[in-house]
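Down below is the structure, laid out as structure tokens.
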Amino acid sequence: MPTVQDLMDLEEQYNAHNYKPLDVVIERASGVWVWDVAGKKYLDFLSAYSAVNQGHCHPRIVRRMQEQASKVALTSRAFRNDQLPLFARQLCELIGYEMMLPMNTGAEAVETALKAARKWGYKIKGVPENQAEIIVCKGNFHGRTTTIIGFSSEAQYRDGFGPFTPGFISIPYGDASALEATINSHTVAFLFEPIQGEGGVIVPPDGYLSAVREICSRHNVLMIADEIQTGLGRTGKMLACDHENVKPDVVILGKALSGGMYPVSAVLASRQILGVFNPGDHGSTFGGNPLGCAIAREALDVIVDEKLADRAAQMGDYLMECLSEINSPYVDYYRGKGLLVGIVLKPDAGGARRFCEALQAQGVLAKETHQVVIRLAPPLIIEKEELDWALHQIAKVLTEG
């Protein structure tokens with residue numbers, strides 16, 4: 001059997017170096033726990049960037065996946081299948097929209113929303129052809145396609161990948177007045193994250209989402225919420241926008257939509273907005289496939305049946321309360337909502353990477369973002385006893401350094 005080092009060496013040799021993972025080689029997982037190839041057990045405090053809100057290998061989702069895989073996995077959209085209509089109805093009724101468009105990855109769903117917004121702008125709003133503008137936020141992370149990285153403010157995401165798609169204008173995050181000042185007659189949409197996850201778990205000021213909703217409505221601009229990471233219970237509500245009772249024109253979902261078992265994403269909007277697509281305008285061989293739809297249906301049922309949004313709210317409050325009691329010379333402050341929390345370190349703390357490596361040694365897997373933030377996002381099924389155990393390890397690392 002290959003050793004941990006053998007496997008890491010093989011990855012370094014044969015896999016492109018587009019990630020810098022922690023040096024743990026995971027072999028299996030269950031619930032909030034994962035095990036490496038040497039049998040060591042870790043508590044997963046990243047949840048695959050919030051894709052496994054329901055926990056690893058949830059038995060209901062695994063069973064549904066196995067059942068569907070033995071029937072039919074892929075038909076392409078050249079033919080209809082029996083799972084897509086049921087998934088579409090379930091998701092639309094749960095989130096509260098008239099239509100949805102299924103894709104696979106989050107980035108694909110973002111691209112879908114951008115195409116819908118542009119075509120809506122031309123066909124419905126009446127913006128002159130090829131002059132549509134979409135406003136985005138500095139510090140955003142919406143994916144890795146060439147269009148999306150073109151409007152990223154992170155220099156590394158753009159370096160060496162131009163030229164980029166025009167038509168995007170970037171403004172400061174959390175600043176409603178900047179949005180108001182930037183909108184013009186060619187503006188078709190405002191794309192944002194209710195909480196910037198990859199940006200460092202940045203929570204906008206109270207009232208920001210409500211202000212954005214009012215501004216977009218007044219100017220006939222589509223409010224597009226990227227809830228790929230924040231949606232489906234992560235922040236203590238089904239959607240993060242629900243904290244201010246705000247309904248965006250377009251919602252983008254992914255990650256936990258399949259419980260981490262299979263790539264499933266979706267764009268939800270009104271019939272008028274998604275109705276701009278005609279046969280041949282957009283598509284995906286795997287988008288809306290019966291296997292993915294069946295898995296997503298069960299994943300949604302688990303979120304509802306196990307009241308995971310409520311659990312995230314309760315455990316998130318407890319997590320923040322306990323973190324605030326840790327007297328660490330390295331921590332500046334904590335921020336977040338629900339079970340999406342960022343530990344913001346002081347500039348002289350030596351960076352977040354070393355703390356994540358120390359947590360790994362203690363049996364807790366977390367990941368740094370933007371050098372000075374440790375992101376904490378355990379599966380929403382985490383029990384208080386498990387959270388207490390992890391907090392003990394976190395407190396040890398944050399105090400001892």
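The values are calculated or read from the model by the stated rules, or taken from the named source; none is laboratory data. Remember, it's a predicted structure, so these values are computed and weren't measured experimentally. Note that we place each Cβ from the backbone using ideal geometry, even for glycine, and neighbour counts take in every protein chain shown.
Brief remarks on what is shown
- Check on Gly288, on the phi > 0 side of the Ramachandran plot, outside the structural domain of Val32 (by TED's automatic domain parsing) and either of a type in the set (Val, Ile, Thr) or outside any helix (DSSP H, G or I) (or both): yes
- Considering (1) more than 24 Å from Phe286 (Cβ to Cβ); (2) surrounded by 21 or more Cβ atoms within 10 Å (Cβ to Cβ), the lone condition that Ile124 does not fulfil carries the number (2).
- Residue tally, condition touching a Phe, Trp or Tyr at 6+ places or on another chain (Cβ under 7 Å) and either surrounded by 20 or more Cβ atoms within 10 Å (Cβ to Cβ) or touching a residue at least 60 places away in the same chain (Cβ under 8 Å) (or both), over region 134-151: 7
- Among the residues of region 31-47, the one identified as of a type in the set (Gly, Ala, Ser), assigned to a loop (DSSP other than H, G, I, E, B) and surrounded by 10 or more Cβ atoms within 10 Å (Cβ to Cβ) is Ala38.
- Screening the candidates Leu74, Leu101 for the property of being in contact with a strand residue (DSSP E or B) (Cβ under 8 Å, 6 or more places away or on another chain), touching a residue at least 12 places away in the same chain (Cβ under 8 Å) and not in a helix (DSSP H, G or I) yields one hit, Leu101.
- Members of region 227-251 that are within 20 Å of Thr105 (Cα to Cα) and part of a loop (DSSP other than H, G, I, E, B): Glu227, Ile228, Gln229, Thr230, Gly231, Leu232, Gly233, Arg234, Met238, Leu239
- Any hit, region 16-23, residues being hydroxyl-bearing (Ser, Thr, Tyr), within 22 Å of Gln371 (Cα to Cα) and either touching a Phe, Trp or Tyr at 6+ places or on another chain (Cβ under 8 Å) or in a loop (DSSP other than H, G, I, E, B) (or both): yes
- Residues that are over 23 Å from Gly31 (Cβ atoms) and without any contact (Cβ under 8 Å) to a residue 40 or more places away in the chain are absent from region 254-276.
- Lys247 vs. criteria surrounded by fewer than 23 Cβ atoms within 10 Å (Cβ to Cβ), in contact (Cβ under 8 Å) with a residue 60 or more places away in the chain and under 30 Å from Glu129 (Cα atoms): yes
- Scan region 318-330 for residues that are touching a residue at least 60 places away in the same chain (Cβ under 8 Å) and within 23 Å of Thr230 (Cβ to Cβ) and the total you get is 4.
- Residues that are surrounded by 15 or more Cβ atoms within 10 Å (Cβ to Cβ) and either touching a His at 6+ places or on another chain (Cβ under 6 Å) or assigned by TED's automatic domain parsing to the domain that holds Ala256 (or both), drawn from region 8-30: Ala29
- Selection count where residues are part of a loop (DSSP other than H, G, I, E, B) and more than 23 Å from Leu380 (Cβ to Cβ), scope region 264-285: 12
- Those residues of region 192-228 which are of a type outside the set (A, V, I, L, M) and over 18 Å from Gly139 (Cα atoms), in sequence order: Asp206, Gly207, Ser210, Arg213, Glu214, Cys216, Ser217, Arg218, His219, Asn220
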